[in-house]
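Right, one structure below, let's go through it.
The values are calculated or read from the model by the stated rules, or taken from the named source; none is laboratory data. What you are looking at is a predicted structure, and each value in this text was computed from that prediction instead of being measured. Every residue, glycine as well, gets a Cβ built from its backbone with ideal geometry; the counts of neighbours run over all protein chains shown. What goes into the accessible areas is simple: the full protein's heavy atoms, side chains included, and nothing from ligands, DNA or RNA. Shrake-Rupley method; radii C 1.70, N 1.55, O 1.52, S 1.80 Å.
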Amino acid sequence: MTTIVRYAPSPTGRLHLGNARPALLNWLFALSHSATYVLRLDDTDTARSTEEFARGIEEDLAWLGITPTFKVRQSDRTALYDAARDRLIASGRLYPCYETENELDRKRMRARAQGKPPIYDRAALSLSEDQKRQYEAEGRKPHWRFLLDGEPVRFDDMIKGEQTVNTASMSDPVLVREDGTYLYTLPSVVDDIDLGITHVIRGEDHVSNTGTQIEIFEALGGPVPRFAHHNLLTGAGGEGLSKRIGSLSLGELRAEGYEPLAVAIVAVLTGTSLPIEPYPDLVAIARKLDLSMISHGPARYDPAELDGLNARILHTMPYDVARPRLAALGLAGEPLWLALRDNLRRFDDIGELARLVHGPVAPEIAPEDRAFIALAREALPPEPWDQDTWGAWTTALKQASGRKGKSLYMPLRLALTGRHDGPELRSLLPLLGRKACLDRLS
Ligand code: GLU
């Protein structure tokens, strides 16, 4: 049987790290099971869904390295939902309710005052046909609730193990609004059946929905998929990551120059038993990660971890991988890459570092170092230069000047690069060459 998974975002905002987690977990599962990956845009909320957000989501997924097998939009599939709705009405599982929001509020308040849970009392089930006609004559339109059967729903979660959802303590969920539009619950089940979804991998905030949805799967006669509910990424203090935290949107992280692989690794491996470290690509992660490695505790996101990983990925990036990106910045050469990559926090930092090699730089020579720098100029070894040139030069200079440590190296660094820090001079020297060094030491 083919494995089919889906990632089902609502196009009501841009993706952030927390949304990247289910997107990637589904993708890694698809990679390791040769599965079909469906992108399902949950756009039944027409007031908040936009075309621009939908495009943004596809862009963000592509940036992360996710290429869905195909895409569907719930707004194109209303006929399927209508048919399912009619079947549920015919089988008595979907019933019309006429209470207004106000009336429901009052019922909830009354229940609380009596010390009862604020569960819908199913009053609508005992309405006579006459009463319904009367409501309709008053201009009321029904919303439709699904009749839960009250039995505990059990399922074997691929991450969390055996789960029981006690639907008896839940209100019958509204599946269809007064205006005939659908809430998330029913379309999701109808699509999962229609598309043959075999595994539903999503956040643990959906566990109780799963109880309801399994009843709907069964009421519609569809096969029930396997479920896997993962822990949600939280901030350091356990607070939720919200779409509104702009700095964490994938678009922003991208604009800030983070490597998509670093973002993906942090989004998916935080809160798992696999270490957060560089992996060559998503396929390599898919080979190692199993859903059972996802922790049952919270997954706390630490921005410092993303920074650290981003740097480590750059510091170990092979030249072949960097080459096209260097070319786009007008740079080339493996020695240049190897000399500079250890100092990168973001890839594009290389432009500024390469300037230290190619110039222009403003050499800095303090008055008290002038004689020393003149000596250094005289002591520059003849070419060819290599990684050992720096050692030979500074050993000779140490003897000639009596300087050592920082008072030996720093004036050289300042004269050669105009900066207090930067790439190792041992690697820079052969890139600069004797002529440039003579110029900068003048
Ligand atoms: N649109 C839903 C969400 O973003 C999908 C949940 C699901 O995967 O079923 O929460």
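If I ask for residues that are small (Gly, Ala, Ser) and part of a loop (DSSP other than H, G, I, E, B), which ones from segment 332-354 would you list?
Pass one, segment 332-354, residues small (Gly, Ala, Ser): 332-333, 339, 351, 354.
Hits for segment 332-354 are 332, 333.
Can you tell me which residues in segment 223-236 are away from the ligand (no atom under 12 Å from the Cβ), in a strand (DSSP E or B) and either surrounded by 19 or more Cβ atoms within 10 Å (Cβ to Cβ) or of a type in the set (Asp, Glu) (or both)? 233, the sole residue that qualifies. Residues in segment 1-34 that are farther than 20 Å from residue 267 by Cα, more than 13 Å from the ligand (Cβ to nearest atom) and either within 14 Å of the chain's Cα centre (by Cα) or surrounded by fewer than 19 Cβ atoms within 10 Å (Cβ to Cβ) (or both): 1, 2, 3, 33, 34.
Report the residue count in segment 159-196 for those that are of a type in the set (S, T, N, Q), part of a helix (DSSP H, G or I), without any contact (Cβ under 8 Å) to a residue 40 or more places away in the chain and open to solvent by 50 Å² or more (accessible area, probe 1.4 Å).
Our first condition is that a residue be of a type in the set (S, T, N, Q); within segment 159-196, this holds for 163-164, 166-167, 169, 171, 181, 185, 188.
Right, trim to part of a helix (DSSP H, G or I) and you get 167, 169, 185, 188.
Then drop every residue that is not without any contact (Cβ under 8 Å) to a residue 40 or more places away in the chain, which leaves 185.
Keeping just the survivors that are open to solvent by 50 Å² or more (accessible area, probe 1.4 Å) gives none.
Total satisfying the criteria: 0.
Looking at residue 239, is it away from the ligand (no atom under 15 Å from the Cβ) and free of Cβ contacts under 8 Å to residues at least 12 places away in the same chain?
Answer is yes for this residue.
Here residue 125 passes the criteria (1) of a type outside the set (Ser, Thr, Tyr); (2) assigned to a loop (DSSP other than H, G, I, E, B); (3) under 19 Å from residue 174 (Cβ atoms) except the one numbered (2). Whether a residue is more than 20 Å from residue 420 (Cβ to Cβ), modelled with pLDDT of 95 or more, open to solvent by less than 60 Å² (accessible area, probe 1.4 Å) and aliphatic (A, V, I, L, M) was assessed, and residue 380 passes this test.
May I ask you to list the residues in segment 36-58 that are more than 10 Å from the ligand (Cβ to nearest atom), touching a strand residue (DSSP E or B) at 6+ places or on another chain (Cβ under 8 Å) and open to solvent by 20 Å² or more (accessible area, probe 1.4 Å)? Full working, then the answer.
If we filter segment 36-58 for residues that are more than 10 Å from the ligand (Cβ to nearest atom), which is where we start, we get 36-39, 46-58.
Checking the rest, the ones that are also touching a strand residue (DSSP E or B) at 6+ places or on another chain (Cβ under 8 Å) come to 36-39, 49, 54, 57-58.
Listed by number, the residues that qualify are 36, 49, 58.
The condition of being open to solvent by 60 Å² or more (accessible area, probe 1.4 Å) and either under 22 Å from residue 342 (Cα atoms) or in a helix (DSSP H, G or I) (or both) holds for only one of 375, 428, 412, that being 375.
Annotation: residue 117 fulfils all but one of (1) more than 14 Å from the ligand (Cβ to nearest atom); (2) part of a helix (DSSP H, G or I); the unmet one is (2). Of all residues in segment 273-315, those being touching a residue at least 40 places away in the same chain (Cβ under 8 Å), of a type in the set (S, T, N, Q) and either within 14 Å of residue 259 (Cα to Cα) or not in a helix (DSSP H, G or I) (or both) number 2.
Which residues, taken from segment 175-184, are within 14 Å of the ligand (Cβ to nearest atom) and touching a helix residue (DSSP H, G or I) at 6+ places or on another chain (Cβ under 6 Å)? Let's see the steps before the verdict.
Taking segment 175-184 as the starting set, the residues that turn out to be within 14 Å of the ligand (Cβ to nearest atom) are 182-184.
Passing the criteria: only 182.
Close Cβ contacts (under 7 Å, 6 or more residues apart or on different chains) running from residues in segment 328-351 that are within 12 Å of residue 424 (Cβ to Cβ) to residues that are part of a loop (DSSP other than H, G, I, E, B) and of a type in the set (Gly, Ala, Ser) comprise 343/422.
Residue 50: of a type in the set (Val, Ile, Thr) and free of Cβ contacts under 8 Å to residues at least 40 places away in the same chain, yes or no? Steps first, answer last, please.
On the way: of a type in the set (Val, Ile, Thr): yes; free of Cβ contacts under 8 Å to residues at least 40 places away in the same chain: yes.
So residue 50 fits the description; yes.
Of all the residues in segment 62-106, those that are over 37 Å from the mean Cα position of the chain (by Cα), surrounded by 18 or more Cβ atoms within 10 Å (Cβ to Cβ) and in a loop (DSSP other than H, G, I, E, B) number 3.
Can you name the residue in segment 212-222 that is within 13 Å of the ligand (Cβ to nearest atom) and crowded, with 20+ Cβ neighbours inside 10 Å and is also nearest to residue 122 (Cα to Cα) among such residues?
Of all residues in segment 212-222, those within 13 Å of the ligand (Cβ to nearest atom) come to 212-214, 216-217.
If we keep only those that are crowded, with 20+ Cβ neighbours inside 10 Å as well, we get 212-213, 216.
Numbers: 212: 16, 213: 19, 216: 18 Å.
It comes out as 212.
Filtered by the rule that a residue be modelled with pLDDT under 95 and either not in a helix (DSSP H, G or I) or not hydrophobic (A, V, I, L, M, F, W, C) (or both), segment 17-36 gives 18, 19. The single condition from (1) away from the ligand (no atom under 16 Å from the Cβ); (2) basic (Lys, Arg); (3) buried (at least 16 other Cβ atoms within 10 Å of the Cβ) that residue 202 fails is (1).
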